[in-house]
1. What do you reckon, is residue 121 aromatic (Phe, Trp, Tyr), assigned to a loop (DSSP other than H, G, I, E, B), touching a residue at least 12 places away in the same chain (Cβ under 8 Å) and closer than 15 Å to residue 282 by Cα?
2. Which one of these does residue 61 not meet: (1) within 11 Å of the ligand (Cβ to nearest atom); (2) part of a helix (DSSP H, G or I); (3) under 24 Å from residue 272 (Cβ atoms)?
3. So, in segment 27-43, exactly how many residues are aromatic (Phe, Trp, Tyr) and surrounded by 23 or more Cβ atoms within 10 Å (Cβ to Cβ)?
4. Mind checking which residues of segment 64-94 are of a type in the set (Gly, Ala, Ser), near the ligand (Cβ under 10 Å from one of its atoms) and touching a helix residue (DSSP H, G or I) at 6+ places or on another chain (Cβ under 7 Å)?
5. Tell me, which residue of segment 270-317 that is at positive phi and more than 16 Å from the chain's Cα centre (by Cα) is surrounded by the most Cβ atoms within 10 Å (Cβ to Cβ)?
6. Among (1) buried (at least 19 other Cβ atoms within 10 Å of the Cβ); (2) of a type outside the set (S, T, N, Q); (3) within 21 Å of residue 263 (Cα to Cα), there is one condition residue 74 misses while meeting the rest; what is its number?
7. Which residues, taken from segment 14-47, are more than 24 Å from residue 165 (Cα to Cα) and not in a loop (DSSP other than H, G, I, E, B)?
8. I'd like the full set of residues that are surrounded by fewer than 20 Cβ atoms within 10 Å (Cβ to Cβ) and over 18 Å from residue 106 (Cβ atoms), limited to segment 146-174.
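The values are calculated or read from the model by the stated rules, or taken from the named source; none is laboratory data. Keep in mind that what you see is a predicted model, and the values were worked out from it rather than measured. All Cβ positions, glycine included, derive from the backbone under ideal geometry; neighbour counts span all protein chains shown.
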Amino acid sequence: MKTDQYTAKDFSFRKACPEIPNTTYLTHKIHSYPAKFIPHIPRWFLKEYGRSGDTILDPFCGSGTALVEANLLGINALGIDINPLAQMLLKAKTGLADNHDKFSSQCLHAVEQAHNYPASYVPDLPNLDTWFLPQARQELAKIFGYLLENPDQLPDRVVNFMLVCASSIVRKVCNADPQISKPFISKRMRVLLKENAVEQRALHLLKINTNLFLDRKIKYMRTIANLSEIWGYLPTSEMVMNTDARTLRNIDNQSIDSIITSPPYANAQEYFRSIKMELYWLNLLDGDRLKQLNKDIVGTERLPISECRDTPKFGIDKLDLALEKVHLVDQKRAHIVLRYFQDMQASIQQCYRVLKPGAYFGLLVGDNVIRKIKINTHLFLQEIAEDTGFSTEIIGYDRIVARRLTPKRNVSAGLIEVEWMLIFRKPGL
Ligand SMILES: C[S@@+](CC[C@H](N)C(=O)[O-])C[C@H]1O[C@@H](n2cnc3c(N)ncnc32)[C@H](O)[C@@H]1O
């Protein structure tokens, strides 16, 4: 199929997967994450193109939505994400315990023990006192101190699960406005601070979230245990470590049965800034690491201005025209967009390398308006995929209904009302 010559299909993923009761069922409820898939999207793709026993990959797996759905269908899953929180979330959502009651009681024991733990842990977070009032700081210090030091030698899976529960309450007791994803002390919060009305009770909230997440986790583990009796095996979920969507290092050629993913958008979202509080409390970040992550992210805005003077050229006529127009009004932003497409090209080429012949690749993306110029991201990615060797099977869209998108877009970015689903196939068999 040639770019521009297709009839777009209305996917309406929610209707296509009526068996999914809501977007937060089972372990999807655990922890928030910017720009999550609704589970219906990977579920639809995997029902169409997956088979039990297959191994699928999500190279931008974020909170692991696709991997959870894969396992629920008896499919093994690999995930990649440069965000260090992703691995913890995946373990919390898909990890299994032999004895569910013991797992629950160990988690609840941790909640109780944290109450009495010394509040001596201090995260590396700059301006800690600005972000948290003394009671919240003290209670978080007890919780994270206890979990990270693990004096009771709780099993790794318990500590990991509890760290995820603890991480989920950080923003709830923070002075930053919970309605704005990027940490920011808004006017509204300043009023609440004056009135002494900012939530401080980290230990209390930990208990609530632990019970809520445990309930989901136990249901998930029971569901998988019942299904695996029918399947005769337990599907696995694993993060591939020390790699990146642009290299897929550590993944063999032609080893993957299908890929389903949603990469970041063309106008970079600062994923790490929106969850930096959590990452610091979890001791997963220091200033240098944050800088590196913000450079490595697909859609990075960290480009030296000296590299942005020349007119950007990618090699796709319509994209180059759009880049030229953006460059006239904003040189740096034009190069940010160019870099996005270069990174996405590297990632698409790697996806081609690791897929088996005849395998399918589902890519969910949104278009953008940058400096009032429309960037048809989905069409350009389609052309890149076809140049790489993929054939286009289906192009369609899904209307965005109340999805929690990443931090409020830069003023120069347009709102995305539909997301595009591109289905490609690698030639062969
Ligand atoms: C749209 S989110 C994916 C959300 C995911 N589908 C979910 O349901 O949670 C895009 C993800 O790409 C990740 N990412 C950005 N650049 C990356 C890179 N170079 N390699 C791997 N992951 C990257 C971000 O950390 C983010 O988690």
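1. Numbers: aromatic (Phe, Trp, Tyr): yes; assigned to a loop (DSSP other than H, G, I, E, B): yes; touching a residue at least 12 places away in the same chain (Cβ under 8 Å): yes; closer than 15 Å to residue 282 by Cα: yes.
Answer is yes for this residue.
2. (2)
3. 1
4. Of everything in segment 64-94, those that are of a type in the set (Gly, Ala, Ser), near the ligand (Cβ under 10 Å from one of its atoms) and touching a helix residue (DSSP H, G or I) at 6+ places or on another chain (Cβ under 7 Å) turn out to be 64, 66, 79.
5. Going through the qualifying residues, I end up with 283.
6. (3)
7. Hits for segment 14-47 are 14, 15, 16, 40, 41, 42, 43, 44, 45, 46, 47.
8. Those that are surrounded by fewer than 20 Cβ atoms within 10 Å (Cβ to Cβ) and over 18 Å from residue 106 (Cβ atoms): 171, 172.
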